[in-house]
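Okay, so here's the structure we're looking at.
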Amino acid sequence: MCGLCGSFAHGHWSDGVASNAQTPTAERARRAAVANAALAPFGLTLKSWGGRYVLSSRTGKAAVVEGFGDLWPAAEKLGGRSCDPLDATVLARLELGA
Amino acid sequence: MSARLPVDVITGFLGAGKTTLLRRLLARPELAGAAVLVNEFGEIGLDHLLLERIDGDVVLLKSGCVCCTVRGDLKAALEALLGRRARGEIAFDRVAIETTGLADPTPVFATIAADAALKHRLRMGAVVCVVDALNGAATLDAHDVSLRQAAAADRIVVSKTDLAPPEACSALAARLRALNPVAELLLLDAETPPPALWLTGAGEGPPSRWRADTPAAEPGHDARAFLLEAEAPLDWARFGLWLSMLLNAHGDDILRLKGVVAIEGVAGPVAIQGVQRVVHAPEHLEAWPDGDARTRLVVIARTIDPERVRRSFRAFVGRAGTNAAAASA
């Protein structure tokens, strides 16, 4: 079964992985790295932890998240601000770092 | 996966003709095995063996995720039906749900797509929206929920066309095509039987159903449809991260999302579709629509600047040194 269809077995549609993925642990670490580029403007970081992730703020607050499905509500709660991918400041920062 | 039963949804505003359409569809032998759930028993009787009534409570699950707004009553009704089927008490091969005319249909999709107990046994079939040729334009003007119903549809039936002037029917059809370019449109009068394939063909049709015509640039004051395109295959993690973020922030204004995506490491096209914050499980297609192996996603949204969405798509999903995500008008 293609890994994309893994989303049927997990909680969120984005959980599946493409067939070129490495081990589940390596894939989670890679996903965390992808997420960290987007989380940086909000002062948050994500780390793979067991089969899940830990989201942390600069002030030491932390939350456990399952995947991208519950990442953004948790990020908004932890960071105390909305995480808007259309925000001009966020976009400018990402474009500069690209 | 093939064992999952399709769930078809008939939506549309009050008085649009949902029950009439459902009654006519259920008369077709292809749909003899459908179990039917309706919100209220109307004046038009549905003479069907497996007719069940559902009531109206909508539940926000304690997990707090907005996409987990499920209809508790619908979940209970579906579980009861599936239980009776498993025990051999009843037999059916699909489920048809008629929503109440005042309902945003999204919680119905969330119930199927997000509920852990149901999503392994059911899959979304067709979403059919009925729009009344006489009152449809005024309803779209006055009631936000009717816009959401039409935007969520795979197929739109303009009903009562024999009662409205031809020019009014044409204008309404053009408006609906602009609002939802990914939906098939059928103008129906009281005599012509609706094609049964309108329900049974969902998910089994040609791949072209994933490829909308060029969306209209400015469909008046309705929501607008626009296209996101990418030449090179996308990284699935980047795409999933971005779309999750976009829908978390703007899900109320993104009425519909539908298209095909090229993913690195995946041989064929992957179909993606969602309604507001609910995204269905990705679906592998046999072949690229029109043989064109590019990412093409149609977004139907309100109040959001399409150019800003394209820029965000490039910034989050595209990568430095590549042209993975290219904007297109």
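The values are calculated or read from the model by the stated rules, or taken from the named source; none is laboratory data. Since we're looking at a predicted model, the values are computed, not measured. Cβ: placed from backbone, ideal geometry, glycine included. Neighbour counts: every protein chain shown. Heads up: the accessible areas ignore ligands, DNA and RNA and are worked out on the full protein's heavy atoms, side chains in. Shrake-Rupley method; radii C 1.70, N 1.55, O 1.52, S 1.80 Å.
Every residue in region A:38-48 that is crowded, with 16+ Cβ neighbours inside 10 Å and part of a helix (DSSP H, G or I), please. Selection gives A:Ala38, A:Leu39, A:Pro41, A:Phe42. Across region B:305-327, the qualifying residues are those that are surrounded by 14 or more Cβ atoms within 10 Å (Cβ to Cβ) and among the β-branched types (Val, Ile, Thr), and the one among them that is modelled with the lowest pLDDT is B:Val317.
Out of everything in region A:59-76 that is facing another protein chain (nearest Cβ under 9 Å) and without any contact (Cβ under 8 Å) to a residue 40 or more places away in the chain, what residue ends up being nearest to B:Leu246 (Cα to Cα)? Steps first, answer last, please.
Filtering region A:59-76 for residues facing another protein chain (nearest Cβ under 9 Å) gives A:67-73, A:75-76.
Filter once more, keeping what is without any contact (Cβ under 8 Å) to a residue 40 or more places away in the chain: A:71-73, A:75-76.
Working: A:Leu71: 12, A:Trp72: 9, A:Pro73: 12, A:Ala75: 13, A:Glu76: 13 Å.
My answer is A:Trp72.
Of all the residues in region B:198-251, those that are at pLDDT 85 or above and of a type outside the set (Ser, Thr, Tyr) number 26. Could you tell me which residue of region B:68-84 is farthest from the chain's Cα centre (by Cα), considering only residues that are farther than 26 Å from B:Arg155 by Cβ and open to solvent by 30 Å² or more (accessible area, probe 1.4 Å)? Here the answer is B:Arg84.
Restricting to region B:253-295, name every residue that is more than 13 Å from chain A (Cβ to nearest Cβ) and out of contact with any helix residue (DSSP H, G or I) (no Cβ under 8 Å at 6 or more places or on another chain). Those that are more than 13 Å from chain A (Cβ to nearest Cβ) and out of contact with any helix residue (DSSP H, G or I) (no Cβ under 8 Å at 6 or more places or on another chain): B:Gly291, B:Asp292, B:Ala293, B:Arg294, B:Thr295. Could you please let me know if B:Glu264 is acidic (Asp, Glu) and modelled with pLDDT under 90? No: the conditions fail for B:Glu264. In this structure, A:Ser7 does satisfy being over 16 Å from B:Phe316 (Cα atoms), crowded, with 17+ Cβ neighbours inside 10 Å, modelled with pLDDT under 85 and at the interface with chain B (Cβ under 10 Å from one of its Cβ atoms).
Just for region A:77-97: of the residues that are among the charged types (D, E, K, R) and open to solvent by 70 Å² or more (accessible area, probe 1.4 Å), which one is nearest to the other protein chains (Cβ to nearest Cβ)? Within region A:77-97, the match that is nearest to the other protein chains (Cβ to nearest Cβ) is A:Glu95. Taken together, the criteria place B:Gly240 among residues that are in a helix (DSSP H, G or I), in contact with a Ser or Thr (Cβ under 6 Å, 6 or more places away or on another chain), within 30 Å of A:Leu46 (Cα to Cα) and not assigned by TED's automatic domain parsing to the domain that holds B:Pro105. Taking the criterion of being assigned to a helix (DSSP H, G or I) and either open to solvent by less than 20 Å² (accessible area, probe 1.4 Å) or in the same structural domain as B:Leu297 (by TED's automatic domain parsing) (or both), the residues of region B:162-177 that qualify are B:Cys169, B:Leu172, B:Ala173, B:Leu176.
Count, please, the residues in region B:1-30 that happen to be away from chain A (no Cβ under 14 Å), over 15 Å from B:Val157 (Cβ atoms) and of a type in the set (Lys, Arg). Before the answer, list the steps.
Here is the first cut: in region B:1-30, the residues away from chain A (no Cβ under 14 Å) are B:5-30.
Those left that are additionally over 15 Å from B:Val157 (Cβ atoms): B:5-7, B:14, B:27, B:29-30.
In the following step, the residues that additionally are of a type in the set (Lys, Arg) were identified as none.
Summing the residues that are away from chain A (no Cβ under 14 Å), over 15 Å from B:Val157 (Cβ atoms) and of a type in the set (Lys, Arg) in region B:1-30 gives 0.
Among the residues making up region B:96-123, those that are part of a strand (DSSP E or B) and surrounded by fewer than 24 Cβ atoms within 10 Å (Cβ to Cβ) are B:Leu122, B:Arg123.
Look at region B:273-294: where a residue is farther than 17 Å from B:Gln149 by Cβ and among the basic types (Lys, Arg) and a partner is assigned to a strand (DSSP E or B) and open to solvent by less than 50 Å² (accessible area, probe 1.4 Å), sitting 6+ places away or on another chain with Cβ atoms under 7 Å, you get B:Arg294/B:Glu229; B:Arg294/B:Ala230.
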